[in-house]
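Below: the structure, in C-alpha coordinates.
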Amino acid sequence: MHICVLGAGVIGVTTSYYLLAAGHEVTLIDAQEGAGLGASYGNGAQLSYSYVAPLADPSVWTKWPHYLFSRHSPLTMKPTPDAAQWTWLMQFLKACNAERARQTTVSLLQLAYLSRREMTRLRADPALESLDFQHRIAGKLVMFTEQASFEAARRQVEFQAHHGSRQDVLDADACLGLEPALQSSQRDWAGGVYTADEEVGNCALFCQGLLNALRSKPGFRFRGGAAVTGADMSRGQLNAVRIGRNEKLEADAFVLTMGAGSAGFARQAGFALPVYPLKGYSITLGLAGLNEHAAPRISITDASRKIVYARIGDDLRVAGRVELVGHDKRIPERAIEELKSGTTALFPQAAGRLASAALSPWAGFRPATPTGLPVIGPSPVKRLYLNTGHGGLGWTLACGSASLIARQLSGERPELDMEAYQLAS
Ligand SMILES: Cc1cc2nc3c(=O)[nH]c(=O)nc-3n(C[C@H](O)[C@H](O)[C@H](O)COP(=O)(O)OP(=O)(O)OC[C@H]3O[C@@H](n4cnc5c(N)ncnc54)[C@H](O)[C@@H]3O)c2cc1C
(Lines give C-alpha, C1' and ligand atoms only; values in the text may rest on other atoms or scores of the structure.)
Protein backbone atom coordinates (compact mmCIF):
# COMPACT_ATOMS: atom_id res chain seq x y z
CA MET A 1 0.00 0.00 0.00
CA HIS A 2 1.04 3.61 -0.49
CA ILE A 3 0.48 5.33 2.86
CA CYS A 4 0.74 9.05 3.43
CA VAL A 5 1.77 10.11 6.95
CA LEU A 6 0.55 13.63 7.75
CA GLY A 7 2.98 15.38 10.14
CA ALA A 8 6.67 14.70 10.80
CA GLY A 9 6.92 15.03 14.57
CA VAL A 10 8.17 12.11 16.64
CA ILE A 11 4.87 10.30 16.07
CA GLY A 12 5.00 10.78 12.30
CA VAL A 13 8.64 9.71 11.83
CA THR A 14 8.26 6.61 14.01
CA THR A 15 4.99 5.74 12.22
CA SER A 16 6.84 6.02 8.89
CA TYR A 17 9.66 3.80 10.17
CA TYR A 18 7.28 1.01 11.22
CA LEU A 19 5.15 1.25 8.07
CA LEU A 20 8.24 0.98 5.87
CA ALA A 21 9.48 -1.98 7.90
CA ALA A 22 6.10 -3.63 7.28
CA GLY A 23 6.69 -3.32 3.54
CA HIS A 24 4.56 -0.29 2.67
CA GLU A 25 5.47 2.64 0.48
CA VAL A 26 5.45 5.81 2.61
CA THR A 27 5.19 9.54 1.89
CA LEU A 28 5.79 11.68 5.00
CA ILE A 29 4.56 15.28 4.77
CA ASP A 30 5.17 18.28 6.97
CA ALA A 31 4.52 22.01 6.75
CA GLN A 32 8.06 22.58 8.04
CA GLU A 33 11.24 21.82 6.09
CA GLY A 34 12.46 19.09 8.45
CA ALA A 35 11.27 16.61 11.07
CA GLY A 36 10.68 17.18 14.79
CA LEU A 37 10.25 20.93 14.58
CA GLY A 38 6.89 21.10 16.43
CA ALA A 39 6.19 19.88 19.98
CA SER A 40 8.91 17.26 19.54
CA TYR A 41 11.64 19.88 19.32
CA GLY A 42 12.36 21.31 22.77
CA ASN A 43 10.45 18.96 25.03
CA GLY A 44 11.52 17.68 28.45
CA ALA A 45 13.62 14.88 26.87
CA GLN A 46 12.34 12.25 29.27
CA LEU A 47 11.42 8.73 28.26
CA SER A 48 9.47 8.21 31.44
CA TYR A 49 7.79 4.88 30.98
CA SER A 50 6.57 4.57 34.58
CA TYR A 51 5.33 8.14 35.13
CA VAL A 52 2.25 8.12 32.98
CA ALA A 53 -0.53 8.96 35.45
CA PRO A 54 -2.83 11.42 33.64
CA LEU A 55 -3.29 15.10 34.40
CA ALA A 56 -7.00 14.33 34.73
CA ASP A 57 -7.23 12.88 38.22
CA PRO A 58 -9.45 13.63 41.22
CA SER A 59 -6.78 15.82 42.90
CA VAL A 60 -7.51 18.49 40.26
CA TRP A 61 -10.65 19.41 42.24
CA THR A 62 -8.72 20.23 45.43
CA LYS A 63 -5.74 21.81 43.63
CA TRP A 64 -7.92 24.15 41.54
CA PRO A 65 -7.60 27.16 43.94
CA HIS A 66 -3.78 26.73 43.91
CA TYR A 67 -3.78 26.52 40.11
CA LEU A 68 -5.90 29.66 39.81
CA PHE A 69 -4.40 31.89 42.48
CA SER A 70 -0.84 30.82 43.44
CA ARG A 71 2.09 32.86 42.16
CA HIS A 72 3.86 29.56 41.42
CA SER A 73 0.88 27.88 39.77
CA PRO A 74 2.16 25.64 36.97
CA LEU A 75 -1.16 25.99 35.13
CA THR A 76 -2.75 28.94 33.33
CA MET A 77 -6.00 29.24 31.48
CA LYS A 78 -6.86 32.15 29.24
CA PRO A 79 -10.50 31.87 28.14
CA THR A 80 -10.84 32.13 24.36
CA PRO A 81 -14.00 32.34 22.23
CA ASP A 82 -13.03 28.96 20.69
CA ALA A 83 -15.72 26.40 21.58
CA ALA A 84 -13.08 23.64 21.33
CA GLN A 85 -11.39 24.99 24.48
CA TRP A 86 -14.59 24.80 26.55
CA THR A 87 -15.65 21.42 25.19
CA TRP A 88 -12.18 20.03 25.95
CA LEU A 89 -12.21 21.51 29.47
CA MET A 90 -15.64 20.04 30.25
CA GLN A 91 -14.52 16.59 29.02
CA PHE A 92 -11.30 16.94 31.01
CA LEU A 93 -13.15 17.73 34.25
CA LYS A 94 -15.50 14.79 33.60
CA ALA A 95 -12.43 12.54 33.39
CA CYS A 96 -11.12 13.79 36.77
CA ASN A 97 -12.39 10.83 38.81
CA ALA A 98 -10.53 7.99 40.49
CA GLU A 99 -11.91 5.13 38.39
CA ARG A 100 -11.20 6.83 35.06
CA ALA A 101 -7.70 7.87 36.22
CA ARG A 102 -6.90 4.27 37.23
CA GLN A 103 -8.09 2.83 33.89
CA THR A 104 -6.13 5.46 31.97
CA THR A 105 -2.98 4.78 34.00
CA VAL A 106 -3.14 1.04 33.26
CA SER A 107 -3.67 1.61 29.50
CA LEU A 108 -0.84 4.14 29.42
CA LEU A 109 1.49 1.83 31.33
CA GLN A 110 0.85 -0.97 28.84
CA LEU A 111 1.56 1.36 25.93
CA ALA A 112 4.64 2.77 27.70
CA TYR A 113 6.15 -0.69 28.31
CA LEU A 114 5.52 -1.65 24.70
CA SER A 115 7.22 1.62 23.72
CA ARG A 116 10.26 0.83 25.85
CA ARG A 117 10.60 -2.60 24.21
CA GLU A 118 10.19 -1.07 20.77
CA MET A 119 12.68 1.74 21.49
CA THR A 120 15.23 -0.88 22.57
CA ARG A 121 14.62 -2.84 19.36
CA LEU A 122 14.84 0.29 17.22
CA ARG A 123 18.16 1.29 18.82
CA ALA A 124 19.50 -2.17 17.95
CA ASP A 125 18.48 -1.89 14.26
CA PRO A 126 21.76 -2.13 12.26
CA ALA A 127 20.31 0.28 9.68
CA LEU A 128 20.16 2.93 12.43
CA GLU A 129 23.73 2.45 13.64
CA SER A 130 24.57 6.13 13.18
CA LEU A 131 21.43 7.38 14.97
CA ASP A 132 22.83 9.33 17.94
CA PHE A 133 20.28 11.17 20.06
CA GLN A 134 22.09 11.46 23.40
CA HIS A 135 20.18 8.49 24.73
CA ARG A 136 21.01 7.37 28.28
CA ILE A 137 19.46 5.34 31.09
CA ALA A 138 19.43 8.17 33.61
CA GLY A 139 16.90 7.09 36.25
CA LYS A 140 14.21 9.49 37.36
CA LEU A 141 13.44 11.06 40.72
CA VAL A 142 10.13 12.82 41.29
CA MET A 143 10.46 15.13 44.31
CA PHE A 144 7.65 16.34 46.57
CA THR A 145 7.50 19.23 49.02
CA GLU A 146 3.97 18.63 50.30
CA GLN A 147 3.38 15.64 52.56
CA ALA A 148 -0.11 15.01 51.14
CA SER A 149 1.19 14.82 47.56
CA PHE A 150 4.04 12.56 48.69
CA GLU A 151 1.53 10.19 50.35
CA ALA A 152 -0.61 10.20 47.20
CA ALA A 153 2.52 9.33 45.20
CA ARG A 154 3.23 6.44 47.56
CA ARG A 155 -0.28 5.08 46.90
CA GLN A 156 0.30 5.48 43.15
CA VAL A 157 3.55 3.48 43.43
CA GLU A 158 1.67 0.69 45.24
CA PHE A 159 -1.04 0.70 42.57
CA GLN A 160 1.44 0.65 39.70
CA ALA A 161 3.46 -2.16 41.33
CA HIS A 162 0.50 -4.43 40.49
CA HIS A 163 0.93 -3.42 36.85
CA GLY A 164 4.65 -4.00 36.42
CA SER A 165 6.32 -0.76 37.67
CA ARG A 166 9.40 -1.05 39.85
CA GLN A 167 9.76 2.19 41.84
CA ASP A 168 11.19 3.12 45.25
CA VAL A 169 9.66 5.60 47.69
CA LEU A 170 12.54 7.43 49.42
CA ASP A 171 12.76 9.93 52.26
CA ALA A 172 14.38 13.30 51.62
CA ASP A 173 17.86 12.27 52.86
CA ALA A 174 17.91 9.19 50.65
CA CYS A 175 16.97 11.35 47.63
CA LEU A 176 19.79 13.81 48.34
CA GLY A 177 22.18 10.86 48.74
CA LEU A 178 21.14 9.50 45.37
CA GLU A 179 21.45 12.79 43.52
CA PRO A 180 24.15 15.01 45.09
CA ALA A 181 23.18 17.97 42.89
CA LEU A 182 20.01 18.29 45.01
CA GLN A 183 22.04 18.84 48.19
CA SER A 184 22.30 22.57 47.56
CA SER A 185 18.61 22.92 46.68
CA GLN A 186 16.64 25.50 48.63
CA ARG A 187 13.46 23.44 48.96
CA ASP A 188 12.07 21.65 51.98
CA TRP A 189 11.56 18.16 50.54
CA ALA A 190 9.10 15.63 51.94
CA GLY A 191 10.62 12.83 49.83
CA GLY A 192 10.62 11.38 46.36
CA VAL A 193 9.85 8.44 44.08
CA TYR A 194 12.81 6.92 42.25
CA THR A 195 12.65 4.78 39.12
CA ALA A 196 16.07 3.43 38.19
CA ASP A 197 15.42 2.37 34.61
CA GLU A 198 13.94 5.55 33.12
CA GLU A 199 15.68 7.00 30.07
CA VAL A 200 16.45 10.37 28.49
CA GLY A 201 17.12 11.36 24.90
CA ASN A 202 17.09 14.39 22.66
CA CYS A 203 13.79 14.05 20.78
CA ALA A 204 14.69 16.60 18.07
CA LEU A 205 17.95 14.78 17.26
CA PHE A 206 16.05 11.48 17.19
CA CYS A 207 13.49 12.82 14.68
CA GLN A 208 16.12 14.38 12.42
CA GLY A 209 18.39 11.31 12.59
CA LEU A 210 15.55 8.88 11.93
CA LEU A 211 14.33 10.97 8.98
CA ASN A 212 17.87 10.95 7.53
CA ALA A 213 18.03 7.18 7.86
CA LEU A 214 14.60 6.78 6.22
CA ARG A 215 15.57 8.99 3.27
CA SER A 216 18.02 6.36 2.06
CA LYS A 217 15.35 3.61 2.02
CA PRO A 218 13.55 2.67 -1.17
CA GLY A 219 9.82 3.34 -0.97
CA PHE A 220 10.18 6.42 1.24
CA ARG A 221 9.66 10.04 0.31
CA PHE A 222 9.69 13.15 2.51
CA ARG A 223 7.82 16.28 1.47
CA GLY A 224 8.97 19.21 3.62
CA GLY A 225 7.45 22.69 3.40
CA ALA A 226 4.14 21.10 2.41
CA ALA A 227 1.26 22.48 4.48
CA VAL A 228 -1.84 20.30 4.32
CA THR A 229 -4.74 22.65 3.63
CA GLY A 230 -7.71 20.38 3.04
CA ALA A 231 -9.25 16.95 2.61
CA ASP A 232 -10.55 15.65 -0.68
CA MET A 233 -13.50 13.44 0.25
CA SER A 234 -16.19 11.40 -1.43
CA ARG A 235 -18.78 9.08 0.16
CA GLY A 236 -17.15 9.27 3.59
CA GLN A 237 -13.74 8.35 2.23
CA LEU A 238 -10.52 10.38 2.13
CA ASN A 239 -9.09 10.18 -1.41
CA ALA A 240 -6.40 12.83 -1.27
CA VAL A 241 -5.06 15.66 0.86
CA ARG A 242 -4.65 19.13 -0.51
CA ILE A 243 -1.21 20.70 -0.21
CA GLY A 244 -0.84 24.44 -0.47
CA ARG A 245 -3.24 25.98 -2.99
CA ASN A 246 -3.47 23.60 -5.91
CA GLU A 247 -1.73 20.32 -5.26
CA LYS A 248 -3.45 17.06 -4.38
CA LEU A 249 -1.69 14.05 -2.97
CA GLU A 250 -3.43 10.70 -3.33
CA ALA A 251 -2.68 7.56 -1.36
CA ASP A 252 -4.28 4.25 -0.42
CA ALA A 253 -4.39 5.29 3.25
CA PHE A 254 -3.46 8.28 5.42
CA VAL A 255 -2.26 8.48 9.02
CA LEU A 256 -2.97 11.70 10.90
CA THR A 257 0.06 12.58 13.05
CA MET A 258 -0.18 16.38 13.08
CA GLY A 259 0.04 16.75 16.86
CA ALA A 260 -1.82 19.86 18.00
CA GLY A 261 -2.80 20.49 14.35
CA SER A 262 -4.70 17.18 14.18
CA ALA A 263 -8.08 18.50 15.37
CA GLY A 264 -8.11 21.13 12.62
CA PHE A 265 -7.57 18.53 9.90
CA ALA A 266 -10.21 16.23 11.44
CA ARG A 267 -12.71 19.11 11.25
CA GLN A 268 -11.92 19.50 7.55
CA ALA A 269 -12.54 15.77 7.11
CA GLY A 270 -15.89 16.12 8.87
CA PHE A 271 -15.46 14.75 12.38
CA ALA A 272 -14.53 16.01 15.85
CA LEU A 273 -11.23 14.99 17.41
CA PRO A 274 -10.84 15.99 21.08
CA VAL A 275 -7.19 17.07 20.84
CA TYR A 276 -6.40 20.48 22.33
CA PRO A 277 -3.01 22.24 22.61
CA LEU A 278 -1.57 22.42 26.12
CA LYS A 279 1.22 24.91 25.82
CA GLY A 280 4.51 24.42 27.65
CA TYR A 281 7.98 25.95 27.63
CA SER A 282 11.60 24.95 27.94
CA ILE A 283 15.05 26.44 28.29
CA THR A 284 18.39 24.70 27.76
CA LEU A 285 21.48 25.50 29.84
CA GLY A 286 24.99 24.64 28.71
CA LEU A 287 26.81 22.77 31.50
CA ALA A 288 30.30 22.36 30.01
CA GLY A 289 32.97 23.42 32.51
CA LEU A 290 30.71 23.27 35.60
CA ASN A 291 31.58 20.96 38.45
CA GLU A 292 30.08 17.45 38.31
CA HIS A 293 27.44 18.05 41.00
CA ALA A 294 26.22 21.47 39.87
CA ALA A 295 23.46 19.81 37.85
CA PRO A 296 21.75 16.43 38.18
CA ARG A 297 22.63 13.28 36.27
CA ILE A 298 19.33 11.70 37.29
CA SER A 299 16.23 13.27 35.69
CA ILE A 300 14.41 15.33 38.30
CA THR A 301 10.79 16.42 38.50
CA ASP A 302 9.76 19.13 40.97
CA ALA A 303 6.19 17.85 41.39
CA SER A 304 4.60 20.92 42.95
CA ARG A 305 5.93 23.28 40.30
CA LYS A 306 5.58 20.67 37.53
CA ILE A 307 9.06 21.47 36.20
CA VAL A 308 11.28 18.69 34.82
CA TYR A 309 15.08 18.69 34.54
CA ALA A 310 17.02 16.35 32.26
CA ARG A 311 20.70 16.26 31.37
CA ILE A 312 21.11 15.58 27.66
CA GLY A 313 24.68 15.59 26.44
CA ASP A 314 26.38 18.65 27.99
CA ASP A 315 23.09 20.49 28.47
CA LEU A 316 20.38 20.69 31.10
CA ARG A 317 16.89 20.80 29.60
CA VAL A 318 14.36 22.51 31.91
CA ALA A 319 10.71 22.23 30.86
CA GLY A 320 7.35 22.96 32.38
CA ARG A 321 4.05 24.83 32.62
CA VAL A 322 0.67 23.84 31.26
CA GLU A 323 -1.33 26.60 29.59
CA LEU A 324 -4.73 26.50 27.91
CA VAL A 325 -4.28 29.53 25.69
CA GLY A 326 -5.19 28.20 22.24
CA HIS A 327 -2.47 28.22 19.56
CA ASP A 328 -0.78 31.42 20.81
CA LYS A 329 2.92 30.89 19.96
CA ARG A 330 4.39 33.78 21.94
CA ILE A 331 6.96 33.14 24.66
CA PRO A 332 6.21 35.54 27.53
CA GLU A 333 9.11 36.55 29.74
CA ARG A 334 7.25 35.46 32.91
CA ALA A 335 7.08 31.84 31.69
CA ILE A 336 10.84 31.75 31.15
CA GLU A 337 11.42 33.51 34.50
CA GLU A 338 9.38 30.76 36.18
CA LEU A 339 11.69 28.09 34.71
CA LYS A 340 14.76 30.12 35.68
CA SER A 341 13.59 30.63 39.28
CA GLY A 342 12.75 26.92 39.57
CA THR A 343 16.27 26.07 38.38
CA THR A 344 17.92 28.52 40.78
CA ALA A 345 15.98 27.05 43.72
CA LEU A 346 17.03 23.49 42.88
CA PHE A 347 20.50 23.85 41.42
CA PRO A 348 22.00 27.16 42.59
CA GLN A 349 25.46 26.12 41.39
CA ALA A 350 24.18 26.02 37.83
CA ALA A 351 22.32 29.32 38.15
CA GLY A 352 25.25 31.29 36.70
CA ARG A 353 24.46 29.70 33.34
CA LEU A 354 20.95 31.22 33.40
CA ALA A 355 22.38 34.63 32.54
CA SER A 356 23.52 33.29 29.18
CA ALA A 357 21.80 34.74 26.15
CA ALA A 358 21.77 31.28 24.61
CA LEU A 359 19.09 29.61 26.71
CA SER A 360 17.08 28.74 23.59
CA PRO A 361 13.69 29.68 25.09
CA TRP A 362 11.09 27.50 23.42
CA ALA A 363 7.32 26.95 23.48
CA GLY A 364 5.46 23.88 22.23
CA PHE A 365 1.93 22.52 22.18
CA ARG A 366 1.26 19.16 23.78
CA PRO A 367 -1.49 17.54 21.68
CA ALA A 368 -3.71 16.53 24.58
CA THR A 369 -6.92 14.53 24.84
CA PRO A 370 -9.15 15.12 27.90
CA THR A 371 -8.38 11.71 29.44
CA GLY A 372 -4.66 11.69 28.59
CA LEU A 373 -4.95 8.64 26.32
CA PRO A 374 -3.73 9.00 22.74
CA VAL A 375 -6.07 8.13 19.88
CA ILE A 376 -4.66 5.27 17.79
CA GLY A 377 -6.64 3.42 15.12
CA PRO A 378 -9.26 3.99 12.45
CA SER A 379 -11.18 7.27 12.18
CA PRO A 380 -14.83 7.74 11.18
CA VAL A 381 -13.50 8.51 7.66
CA LYS A 382 -12.51 5.58 5.44
CA ARG A 383 -8.79 5.39 4.60
CA LEU A 384 -7.89 7.86 7.39
CA TYR A 385 -6.18 6.47 10.49
CA LEU A 386 -5.23 8.30 13.69
CA ASN A 387 -2.05 8.33 15.77
CA THR A 388 -2.24 11.50 17.80
CA GLY A 389 -3.17 13.09 21.13
CA HIS A 390 -0.13 11.92 23.12
CA GLY A 391 -0.18 15.02 25.37
CA GLY A 392 2.86 15.30 27.64
CA LEU A 393 4.06 11.78 26.79
CA GLY A 394 4.53 11.70 23.03
CA TRP A 395 8.29 11.09 23.15
CA THR A 396 7.80 8.29 25.68
CA LEU A 397 4.91 6.62 23.82
CA ALA A 398 6.05 7.13 20.20
CA CYS A 399 7.59 3.76 19.34
CA GLY A 400 4.78 1.67 20.85
CA SER A 401 2.06 3.80 19.24
CA ALA A 402 3.77 3.64 15.84
CA SER A 403 4.19 -0.11 16.03
CA LEU A 404 0.48 -0.53 16.90
CA ILE A 405 -0.82 1.59 14.02
CA ALA A 406 1.56 -0.08 11.54
CA ARG A 407 0.28 -3.50 12.55
CA GLN A 408 -3.33 -2.39 12.26
CA LEU A 409 -2.75 -0.99 8.79
CA SER A 410 -0.98 -4.17 7.74
CA GLY A 411 -3.87 -6.37 8.90
CA GLU A 412 -1.77 -7.89 11.69
CA ARG A 413 -2.88 -8.35 15.26
CA PRO A 414 -1.61 -5.42 17.39
CA GLU A 415 0.39 -6.28 20.53
CA LEU A 416 -2.22 -4.61 22.79
CA ASP A 417 -5.99 -4.61 23.00
CA MET A 418 -6.78 -1.45 21.00
CA GLU A 419 -10.11 -0.61 22.56
CA ALA A 420 -8.70 1.89 25.08
CA TYR A 421 -6.99 3.90 22.33
CA GLN A 422 -9.89 4.09 19.90
CA LEU A 423 -11.69 7.32 19.15
CA ALA A 424 -14.91 7.25 21.19
CA SER A 425 -17.92 7.42 18.91
C1 LIG B 1 7.14 21.70 27.39
C2 LIG B 1 6.95 20.27 26.94
C3 LIG B 1 7.65 19.26 27.57
C4 LIG B 1 7.46 17.92 27.19
N5 LIG B 1 8.21 16.95 27.77
C6 LIG B 1 8.06 15.67 27.39
C7 LIG B 1 8.84 14.65 27.96
O8 LIG B 1 9.74 14.90 28.76
N9 LIG B 1 8.61 13.36 27.60
C10 LIG B 1 7.63 13.04 26.70
O11 LIG B 1 7.42 11.85 26.45
N12 LIG B 1 6.91 13.99 26.09
C13 LIG B 1 7.08 15.29 26.43
N14 LIG B 1 6.34 16.28 25.85
C15 LIG B 1 5.29 15.88 24.90
C16 LIG B 1 5.84 15.57 23.51
O17 LIG B 1 6.79 16.53 23.13
C18 LIG B 1 4.67 15.52 22.52
O19 LIG B 1 3.67 14.65 22.98
C20 LIG B 1 5.15 15.03 21.16
O21 LIG B 1 6.21 15.81 20.69
C22 LIG B 1 4.00 15.06 20.15
O23 LIG B 1 4.51 14.60 18.94
P24 LIG B 1 3.67 14.73 17.62
O25 LIG B 1 4.48 14.12 16.55
O26 LIG B 1 2.28 14.22 17.87
O27 LIG B 1 3.49 16.31 17.42
P28 LIG B 1 4.53 17.36 16.83
O29 LIG B 1 5.91 17.06 17.27
O30 LIG B 1 3.99 18.71 17.14
O31 LIG B 1 4.48 17.09 15.28
C32 LIG B 1 3.36 17.44 14.50
C33 LIG B 1 3.88 17.85 13.14
O34 LIG B 1 2.75 18.09 12.30
C35 LIG B 1 3.05 19.19 11.50
N36 LIG B 1 1.80 19.81 11.05
C37 LIG B 1 0.82 20.35 11.82
N38 LIG B 1 -0.16 20.83 11.03
C39 LIG B 1 0.20 20.58 9.74
C40 LIG B 1 -0.37 20.85 8.47
N41 LIG B 1 -1.57 21.47 8.32
N42 LIG B 1 0.27 20.45 7.35
C43 LIG B 1 1.49 19.80 7.44
N44 LIG B 1 2.09 19.56 8.61
C45 LIG B 1 1.45 19.94 9.75
C46 LIG B 1 3.88 20.12 12.37
O47 LIG B 1 4.70 20.98 11.59
C48 LIG B 1 4.68 19.13 13.19
O49 LIG B 1 5.95 18.90 12.63
C50 LIG B 1 6.52 17.62 26.17
C51 LIG B 1 5.86 18.64 25.51
C52 LIG B 1 6.06 19.96 25.88
C53 LIG B 1 5.33 21.06 25.13
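Among 359, 354, which is the only one that is over 25 Å from residue 50 (Cβ atoms), surrounded by fewer than 22 Cβ atoms within 10 Å (Cβ to Cβ) and touching a strand residue (DSSP E or B) at 6+ places or on another chain (Cβ under 6 Å)? Matching residue, one of 359, 354: 359.
Considering every residue within segment 264-271, establish whether at least one is assigned to a loop (DSSP other than H, G, I, E, B), polar (S, T, N, Q) and out of contact with any Ser or Thr (no Cβ under 7 Å at 6 or more places or on another chain). Within segment 264-271, none of the residues are assigned to a loop (DSSP other than H, G, I, E, B), polar (S, T, N, Q) and out of contact with any Ser or Thr (no Cβ under 7 Å at 6 or more places or on another chain). Only residues that are surrounded by 22 or more Cβ atoms within 10 Å (Cβ to Cβ) and either outside any loop (DSSP other than H, G, I, E, B) or within 14 Å of the ligand (Cβ to nearest atom) (or both) were counted in segment 366-384, giving 10.
Can you work out which of the residues in segment 182-199 that are more than 26 Å from the chain's Cα centre (by Cα) and assigned to a helix (DSSP H, G or I) is surrounded by the fewest Cβ atoms within 10 Å (Cβ to Cβ)? The selected residue is 183. On the basis of being within 9 Å of the ligand (Cβ to nearest atom) and either outside any loop (DSSP other than H, G, I, E, B) or in contact (Cβ under 8 Å) with a residue 40 or more places away in the chain (or both), does residue 23 make the cut? Criteria not met by residue 23. Among the residues that make up segment 38-59, is at least one of them more than 19 Å from the chain's Cα centre (by Cα) and not hydrophobic (A, V, I, L, M, F, W, C)? Yes, because at least one residue in segment 38-59 is more than 19 Å from the chain's Cα centre (by Cα) and not hydrophobic (A, V, I, L, M, F, W, C). Working only within segment 297-310, note down all residues that are under 17 Å from residue 51 (Cβ atoms) and either in a strand (DSSP E or B) or away from the ligand (no atom under 11 Å from the Cβ) (or both). Correct list: 298, 299, 300, 301, 302, 303, 304, 305, 307, 308, 309, 310. Put simply, of 47, 37 the only residue that is under 30 Å from residue 114 (Cα atoms), at pLDDT 95 or above, within 15 Å of the ligand (Cβ to nearest atom) and surrounded by fewer than 21 Cβ atoms within 10 Å (Cβ to Cβ) is 37. The criterion of at least 2 residues that are more than 23 Å from residue 308 (Cα to Cα) is met, among helices (runs of 4 or more DSSP H) falling completely within segment 46-124, by 83-95, 98-123. Beta carbons closer than 7 Å, at least 6 apart along the sequence or on distinct chains, pair a first residue in segment 199-215 that is charged (D, E, K, R) with a second that is part of a loop (DSSP other than H, G, I, E, B) for 199/135; 199/138. Among the residues making up segment 244-265, those that are more than 8 Å from the ligand (Cβ to nearest atom) and surrounded by 14 or more Cβ atoms within 10 Å (Cβ to Cβ) are 249, 251, 253, 254, 255, 256, 263. So, of the residues in segment 266-285 that are within 11 Å of the ligand (Cβ to nearest atom) and touching a residue at least 40 places away in the same chain (Cβ under 8 Å), which turns out to be nearest to residue 16 (Cα to Cα)? Among residues in segment 266-285 that are within 11 Å of the ligand (Cβ to nearest atom) and touching a residue at least 40 places away in the same chain (Cβ under 8 Å), the one nearest to residue 16 (Cα to Cα) is 275. Residue 225 passes every criterion in (1) modelled with pLDDT of 95 or more; (2) crowded, with 16+ Cβ neighbours inside 10 Å; (3) out of contact with any Pro (no Cβ under 8 Å at 6 or more places or on another chain); (4) more than 25 Å from residue 75 (Cα to Cα) apart from (2). Checked against (1) more than 11 Å from the ligand (Cβ to nearest atom); (2) of a type outside the set (Val, Ile, Thr); (3) outside any strand (DSSP E or B), residue 222 passes all but condition (3). Taking residues in segment 345-358 that are touching a residue at least 12 places away in the same chain (Cβ under 8 Å), and partners anywhere that are basic (Lys, Arg) and in a helix (DSSP H, G or I), the pairs with Cβ atoms closer than 7 Å and at least 6 places apart or on different chains are 354/340.
Per-residue answers, yes or no, for (1) outside any strand (DSSP E or B); (2) at pLDDT 95 or above; (3) hydroxyl-bearing (Ser, Thr, Tyr); (4) buried (at least 19 other Cβ atoms within 10 Å of the Cβ):
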{"site": "277", "(1), (2), (3), (4)": "no, yes, no, yes"}
{"site": "280", "(1), (2), (3), (4)": "no, yes, no, yes"}
{"site": "289", "(1), (2), (3), (4)": "yes, no, no, no"}
{"site": "317", "(1), (2), (3), (4)": "no, yes, no, yes"}
{"site": "324", "(1), (2), (3), (4)": "no, no, no, yes"}
{"site": "335", "(1), (2), (3), (4)": "yes, no, no, yes"}
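Number of residues in segment 390-413 that are farther than 17 Å from residue 122 by Cβ and either over 22 Å from the mean Cα position of the chain (by Cα) or more than 11 Å from the ligand (Cβ to nearest atom) (or both): the value is 6. Taking every residue in segment 228-250 that is among the β-branched types (Val, Ile, Thr) and pairing it with any residue that is modelled with pLDDT under 95, at least 6 positions away or on another chain, the pairs with Cβ-Cβ distances below 8 Å are 229/244; 229/245.
The values are calculated or read from the model by the stated rules, or taken from the named source; none is laboratory data. On a predicted model such as this, the values are computed, not experimentally measured, just so you know. When we count neighbours, we look across all protein chains shown, and the Cβ atoms used for this are built from the backbone with ideal geometry, even at glycine.
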